[in-house]
């Protein structure tokens with residue numbers, strides 16, 4: 001699993017949201033056509049025509065969601081390990097990690113999220129216990145605990161497991177300084193998990209995806225993740241500042257590839273907090289797509305209040321508001337990642 005990303009073809013359900021639309025009946029936020037209650041009834045005979053337009057729209061969204069859920073994607077031949085990293089904070093890194101993980105699980109995949117951020121935000125969003133003293137990534141990295149022994153199941157998403165992060169992890173970088181082969185401790189733990197590997201080695205119960213949520217820095221914790229992963233997913237906010245630190249991040253990736261993990265490749269870039277009403281967002285999107293090409297997902301994640309609200313209820317947007325633009329966008333992004341397949 002090394003080299004450049006493979007060629008792929010993908011025909012997403014929504015239109016490309018990287019450009020503004022001039023069609024008044026199409027939402028610039030999502031790319032989906034906006035329908036009236038009459039349109040919904042004509043389009044789908046299962047829609048109750050006695051409902052109000054708002055209720056009909058809500059019912060259509062839920063039914064659409066259920067229809068998508070019944071379309072699982074093929075499982076990869078071996079576990080794909082993604083590092084979700086960006087040293088700039090506030091770009092939607094943790095939000096993308098948990099929602100893509102939940103979306104992949106709804107597409108029939110078995111997913112493990114490794115929370116490597118001492119703030120434990122991914123653990124919070126997935127409703128996982130992570131009070132101080134809870135076994136998690138700190139015990140794995142510093143004490144050499146078995147990864148399988150600290151895994152918790154997400155109560156809201158079938159097939160989604162989590163390794164929580166506690167505040168104890170904040171001191172891990174200092175404690176690991178004197179440890180031999182400190183950069184490879186997470187990789188060793190992940191490879192030792194009985195559910196990580198090929199179909200022949202790990203069987204049907206294997207994890208299809210491991211998503212590692214990194215802290216917003218390029219310290220020893222993030223370095224452990226970069227050594228452990230084969231693919232890197234970079235969330236980029238559709239604003240100018242988000243581009244400034246990208247060069248430093250890519251330089252770090254090149255260094256890791258040269259000295260510690262030759263298999264690491266930037267396979268996926270996702271545009272987050274995309275606002276199609278602004279020229280700035282369109283300009284940033286165009287620049288990123290011109291530079292990175294097919295590594296950029298066709299599906300951009302729109303700004304969404306629902307996405308921001310969900311963690312306060314201990315949920316991802318996939319369960320908090322399944323029919324919202326943010327949930328549907330993350331579902332399409334997950335489908336796009338899955339259909340691209342593994343790196344060759």
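Data for the structure
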read-out: Residue in the range 276-286 that is within 25 Å of residue 103 (Cβ to Cβ), in a loop (DSSP other than H, G, I, E, B), touching a residue at least 40 places away in the same chain (Cβ under 8 Å) and touching a strand residue (DSSP E or B) at 6+ places or on another chain (Cβ under 9 Å) present; value: yes
read-out: Index of the failed condition, residue 140 passing every other in (1) at pLDDT below 90; (2) touching a helix residue (DSSP H, G or I) at 6+ places or on another chain (Cβ under 6 Å); value: (1)
read-out: All helices (runs of 4 or more DSSP H) inside the range 86-170 with 3 or more residues being surrounded by fewer than 19 Cβ atoms within 10 Å (Cβ to Cβ) and over 20 Å from the mean Cα position of the chain (by Cα); value: none
read-out: Some residue of the range 222-240 being in contact with a helix residue (DSSP H, G or I) (Cβ under 6 Å, 6 or more places away or on another chain), part of a loop (DSSP other than H, G, I, E, B), more than 25 Å from residue 300 (Cβ to Cβ) and in contact (Cβ under 8 Å) with a residue 40 or more places away in the chain; value: no
read-out: In the range 67-76, the residues that are loosely packed, with under 13 Cβ neighbours inside 10 Å and at pLDDT 90 or above; value: 74
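The values are calculated or read from the model by the stated rules, or taken from the named source; none is laboratory data. Remember, predicted model here, so these are calculated numbers, not experimental data. Because the Cβ atoms are built from the backbone with ideal geometry, glycine has one as well, and the counts that use them run over all protein chains shown.
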